[in-house]
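Everything below concerns the one structure shown next.
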Amino acid sequence: MRYTKTSMLRRTKVFLVAVLCVLTALSGRLFYIQLISSNMLQLRASEQWYRDLPLMARRGNILDTNGRIMVESVPTYAVYVRPVAVTDADMVARVLSGLLPVSFDTVYTRATNRRASEWIIKMQIDRSTAIRIIAHNLDGVFLSQTYRRHYPMGVVGGQVLGIVSVDNHGQEGIEAFYNDILRGRDGRLATPSDLRGVPLRDGVDFFVPGIPGRDLVLNIDAGIQNIVQAAITRAYHEQAAQAVGALVFDIQTGGIVASASAPFFDMNDQPRDDITQLLAQMRNLPIVNVFEPGSTFKVLTIAIAIEEGLVDFDETFNCPGFRIINGERVRCWKTKGHGAQDLAASVRNSCNATIMDLALRIGVDKYYEYLQRFGIGIKTGVDFYGESAGLVLPKRYIRPVDLVRIGFGQAIATSPIQLVTAFAAIVGDGILRTPRFVREIPHAGTTVTSAERGRVISPETSARVRELLYGVVETGSGKRAAQNGFAIGGKTGTAQKYLDGVIAQGKYISSFLSFISVGGTPRYVVFLYVDQPSRQGYYGGIVAAPYVGQIYAEMIRYLGLRPDPNLVTETPAPVTIPSVAGMALFDAMTLLRSHGFFVHVSGDGLTARGTHPVVGESLPRGSPVEIRT
């Protein structure tokens, strides 16, 4: 091949360009390594020469609305072993198994197993034990700072607070929902080591402190929470119930003041070895549970009818004990009927027939429009995991007979928190609020407000409903919740339970949904339900209302509330329940009413078999008494 001068110049240029490209690439690579990726490469190098021990960040405290600590973090330590650094595995196993609740074989296996760079032997040991371990100066054994949660109030508020795993992650309750705020950022202790992971004797440790988590202040009042838990514990045992739950809600702020369900356990003695019990008793049932509300739901139907101008207060309703709806017989709870009564008497008597009339007047479209307004079938947005939206039948499937059943609390299911927020709107001038457990994040300067979700009824309608509900407690089925000198209103509820979609015969949820006004302003809602009472009766006014009365009595003392002089009445002497066993039902009812009792009838018989409460018990005049037939 013959080379010309032109071809030689061309080849030279190509070669020079190639060399220049290589030099440019090398220069670029050097520039990238030296200036851009130097930090990353140094970090990778340090990972080869250092071994880290995690330093757990202190988790933030959780305080009640008055600043009292409900849960705090207590310093502890975790014990690690690095097999490559262990020089005497037998000694390590003997010392650690003697000081910790870990077997010799377990420690020895981990101290000699090099499949992992390090193994955890035990977490959350106390300071004195940590000092004793350090004193043995064991090669390959390291201690790292950790924390455990401590509950100064023991059982109070546990289902709200929730639990934390040993590695500082919230698993339930407020601990889980606000985990990112409470947890903080872990630090680390870096120890210089050789390639095998053996610490260098003359190396310098690097300490990076953790960033503590932030505190939370709740709307929960620990004093009221304690009152509620004491009351539901009594109810749980006295009624031999499957469960008892209660909520206290601040109408004016949307704050959840107390929430609990019985049974529960001491938070400082958690049954970690029994996961079934732990999870069952840790559930905050007033937030996550769903059931038919029963007659407490009648309050919504009444409020809608008043708001829409579909009922007059002096209107007379006749209750023969049933209504025929499209050829189907729908019974009132009192199968003998309530007779002629106005709206106030219908509410006091909890008459199904009157509520059916109102529901039909409202109609399906309008009724469902209000369900949407009240937030029924919609999650409330409470700051807590596990809330249910409830169960509402699609509107397109609703027949008149379904509508009337929904009107008195059947064929629909709500969570307690959903029912309480709707009720609070009805009695609280018509404003629906988003319920909140957390009130403030102090170190962030953040106040967690309860957003107003809108007005659902007018203040005028709210005032009229309140007057009707005051009557239920003054002279109706809620009499046993009354407190002399205080304006308390409410609605009793008794709902049948469903198991596998079928009515469970003889199984009920008894409840009382109520509110108390302070200084003329509706202030607190108190809701209590008894799931499957089995020792006594099952009507809400008999089973649930007395415990609500106990909660109000204790709250009044705790908060230092003063009675309204205009509402103070002379306390009449208690009345003793007479025996009615064997009497004709009409005669038994007449006798009890003559003594001033508010009478319920249980069963379809015509002869009285007994009463609840039992013969000889003394009750205030006007108290509800159940006749069993």
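The values are calculated or read from the model by the stated rules, or taken from the named source; none is laboratory data. All of these numbers come straight from a predicted model, not from anything done at the bench. For neighbour counting, all protein chains shown are included, and Cβ atoms are generated from backbone atoms with ideal geometry for every residue, glycine included. Calculation scope for accessible area: heavy atoms of the full protein, side chains included, ligands and nucleic acids excluded. Shrake-Rupley method; radii C 1.70, N 1.55, O 1.52, S 1.80 Å.
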### Task
Enumerate the helices (runs of 4 or more DSSP H) found wholly within segment 131-185, keeping only those where 2 or more residues are buried (at least 20 other Cβ atoms within 10 Å of the Cβ) and in contact with a helix residue (DSSP H, G or I) (Cβ under 6 Å, 6 or more places away or on another chain).
158-161, 173-177
### Task
Please work out which residue is nearest to I362 (Cα to Cα), limiting yourself to segment 387-409 and to residues that are within 26 Å of the chain's Cα centre (by Cα) and open to solvent by 70 Å² or more (accessible area, probe 1.4 Å).
L393
### Task
Examine segment 562-570 for a residue that is within 18 Å of S477 (Cβ to Cβ) and either in a strand (DSSP E or B) or open to solvent by 60 Å² or more (accessible area, probe 1.4 Å) (or both), and state whether such a residue exists.
no
## Note on the structure
When R51 is run through (1) touching a helix residue (DSSP H, G or I) at 6+ places or on another chain (Cβ under 9 Å); (2) at pLDDT 70 or above; (3) closer than 30 Å to R110 by Cα, the failure sits at (2)
### Task
Starting from residues that are assigned to a helix (DSSP H, G or I) and among the hydroxyl-bearing types (S, T, Y), keep the ones in segment 342-364 and report whichever is surrounded by the most Cβ atoms within 10 Å (Cβ to Cβ).
T354
#### Entry: Top-ranked residue of segment 534-545 - restricted to ones that are open to solvent by 10 Å² or more (accessible area, probe 1.4 Å) and of a type outside the set (S, T, Y), ranked as nearest to G490 (Cα to Cα)
Q536
### Task
Identify all residues within segment 365-385 that are among the aliphatic types (A, V, I, L, M) and crowded, with 18+ Cβ neighbours inside 10 Å; write none if there are none.
L371, I376, V382
### Query
Taking segment 426-446 on its own, how many of its residues are part of a strand (DSSP E or B), closer than 20 Å to E387 by Cβ and not aliphatic (A, V, I, L, M)?
3
### Query
Do you know which residues across segment 98-123 are surrounded by 16 or more Cβ atoms within 10 Å (Cβ to Cβ) and touching a residue at least 40 places away in the same chain (Cβ under 8 Å)?
E118, I121, K122, M123
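Here is a yes/no grid of residues against (1) over 44 Å from the mean Cα position of the chain (by Cα); (2) of a type in the set (V, I, T); (3) assigned to a helix (DSSP H, G or I):
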| residue | (1), (2), (3) |
| --- | --- |
| S73 | no, no, no |
| S97 | no, no, yes |
| P101 | no, no, no |
| R114 | yes, no, no |
#### Entry: In segment 594-621, residue least open to solvent (accessible area, probe 1.4 Å) [restricted to those that are of a type in the set (S, T, N, Q) and free of Cβ contacts under 8 Å to residues at least 60 places away in the same chain]
T611
### Query
When you go through (1) of a type in the set (K, R); (2) in contact with a Phe, Trp or Tyr (Cβ under 7 Å, 6 or more places away or on another chain); (3) part of a loop (DSSP other than H, G, I, E, B) one by one for K336, which number turns out not to apply?
(2)
## Note on the structure
Across segment 463-510, the tally of residues that are without any contact (Cβ under 8 Å) to a residue 60 or more places away in the chain and touching a Lys or Arg at 6+ places or on another chain (Cβ under 8 Å) stands at 6
#### Entry: Condition met for S579 (modelled with pLDDT of 85 or more and surrounded by 11 or more Cβ atoms within 10 Å (Cβ to Cβ))
yes
### Whichever residue in segment 116-130 is of a type in the set (S, T, Y) and not in a loop (DSSP other than H, G, I, E, B) and, among such residues, is nearest to F104 (Cα to Cα)
T129
#### Entry: Selection count, segment 58-93, where residues are of a type in the set (K, R), modelled with pLDDT under 95 and more than 15 Å from Y147 (Cβ to Cβ)
1
